[in-house]
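Working notes, structure below.
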Amino acid sequence: MTGGPRRGGLTAKWRTFTGLPAGLKALIGLSFVVALGSYMVTPFIGVLMVKAVGLDIRVAGVLVAVATFIQFGGSILGGPIVDRLGLKRTMVLALTLRTAGLVLLGLAVQVPWIAYPAVVLVAGGPALYLPANKAYIVTSVSDALRPLFLGVSSAALNAGMGLGPLLAALLIDADPVLLLISLAGLFALITAAHQAALKPAPRRPAAAPAAAPAAAPAGTGTEAAGTEAGTGKRAALRGALRPVLFTALAFYLYFFFQSFMGLYAAGVYNIQALGWVMLLNCAMVVLLQPAFADRIARADYRLLVVGSFAVMALGMAAMSLGGTPALLGGTALFTLGEIFLFLRCDLELVDRVPGNPAFAFGVQRLTAGIGGLLAGVVGGFVFAHYEAAGDLGAFWLVVAAQCAGAALLAMLLGGGRRPAARELPLPEQTLPEQQLSGPPLAESADAGEVVAR
């Protein structure tokens, strides 16, 4: 592609963004702040449990595993809760839970048993928030713009994820209690901002129902519709088994990186190194994922998944060499695999579970939770073994071997290329809000929003 079209493409993307509904633009901005606050504590949970609360590293590893499972696996409840409360109210509820959890986590430094309910609440907030966040985006833009704006949303989240650990690393050694209580205050403000800035998400137009039999008994239509909906979800999930499997594997491997990098940095370097590692990880996602979103959506599925796991294996192997250059170089390689794999997993599940984005993202995060749970349990014991042996670099070789195994499995089971997505060009002019959201959408009452990602 020549330089001219590239510049035009970027201009068109910016114009498309500026033409978004105000509530969606606000949500993308708030997503950055939510991730910033969240990742001032999430990567440090293991460190806080061991260093501040005083738990054994194995107990802390299991607690981190359970928290990870709740944070991701609990998202399967997101669909039913969104159906009852709506997207906006679900996000506000989720942020309220996280605020309460941070307050309790600050108290746990003095009263250790409070750490258990605190971690549950801190993890339960994202379980509800992130599926509703992504579903709000999907229901607010057209299908052709879905890869771009899922990439933009991911960039906003990852920008916060990169800066959060860097800021927290400067503060956590000084006074962890002050850090946690300050974050609770920040999340109280974020919760109020969501309540004030977001509009109820529009309802996607449903497919026209088939004509009901003239003499159908009362209630039969509703029961039949419920049965058909349940059957449709099960059939869609059967078609999504491969992306579900690879999502679980991707998050299993990712959580070795996220959950144990803090303990590794504290044991080998210093805790400030974690901030720079996470900043590099998230900065690459911010810069590269939106730029490559359309190519990721169109790429051959098997090749993309195999290549992503292979690059992640190289990154983990590089980290085992020791030294700051190896740590940062390994992080960069691992992140390249992450950039391609996670966005494609999102797109595959939304495509294969159509009409109900909150349910699709709930399934995606449930599989992620299973992967994270296994990573926390396995990683805790493997890390403790190599820590006792004085060879923490070998921990990353174990992870690298598992990444290579995932690449081999993807080569065998990845399947062929999915049908090509509709390749509609980005508009050269700012799109009216109605075009961005698809056909005219009926506004729904906040309590009655129904997700039709």
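Yes/no per residue for (1) over 20 Å from residue 35 (Cβ atoms); (2) open to solvent by less than 10 Å² (accessible area, probe 1.4 Å):
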| site | (1), (2) |
| --- | --- |
| 290 | no, no |
| 305 | yes, yes |
| 329 | yes, no |
| 339 | no, yes |
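Residue 426 fulfils the conditions (1) at pLDDT below 50; (2) exposed (fewer than 15 other Cβ atoms within 10 Å of the Cβ); (3) aliphatic (A, V, I, L, M) except for a single criterion, (2).
Of all residues in region 148-167, those being at pLDDT 75 or above and farther than 17 Å from residue 27 by Cα number 3. With respect to the stated conditions, residue 117 fails to be open to solvent by 10 Å² or more (accessible area, probe 1.4 Å), of a type outside the set (A, V, I, L, M) and modelled with pLDDT under 85.
When region 31-61 is filtered for residues that are of a type in the set (Val, Ile, Thr), assigned to a helix (DSSP H, G or I) and within 17 Å of residue 170 (Cα to Cα), the ones remaining, listed by number, are 42, 45, 47.
For region 171-215, filtered to residues that are β-branched (Val, Ile, Thr) and within 14 Å of residue 109 (Cβ to Cβ), the residue that is modelled with the highest pLDDT is 181. Taken over region 120-143, residues that are crowded, with 24+ Cβ neighbours inside 10 Å and more than 20 Å from the chain's Cα centre (by Cα) amount to 0. Total residues in region 22-43 satisfying the condition of being within 22 Å of residue 291 (Cα to Cα) and modelled with pLDDT under 80: the figure is 2.
Scanning region 38-88 for residues that are of a type in the set (A, V, I, L, M), within 19 Å of residue 100 (Cβ to Cβ) and within 23 Å of the chain's Cα centre (by Cα) yields 40, 41, 45, 48, 63, 66, 67, 70, 77, 81, 85.
Only residues that are part of a helix (DSSP H, G or I) and either more than 22 Å from the chain's Cα centre (by Cα) or of a type in the set (Phe, Trp, Tyr) (or both) were counted across region 303-329, and they come to 12. Only residues that are assigned to a helix (DSSP H, G or I) and open to solvent by less than 50 Å² (accessible area, probe 1.4 Å) were counted across region 70-103, and they come to 22. When residue 294 is evaluated against the numbered criteria (1) in contact with an Asp or Glu (Cβ under 9 Å, 6 or more places away or on another chain); (2) open to solvent by less than 20 Å² (accessible area, probe 1.4 Å), which criterion, by number, is the only one it fails? Every condition holds for residue 294 apart from (2).
The values are calculated or read from the model by the stated rules, or taken from the named source; none is laboratory data. This one's a predicted model, so the numbers in the text were calculated from it and none came from an experiment. Note that we place each Cβ from the backbone using ideal geometry, even for glycine, and neighbour counts take in every protein chain shown. Remember, those area values only see protein heavy atoms, side chains included, never the ligands or the DNA or RNA. Shrake-Rupley method; radii C 1.70, N 1.55, O 1.52, S 1.80 Å.
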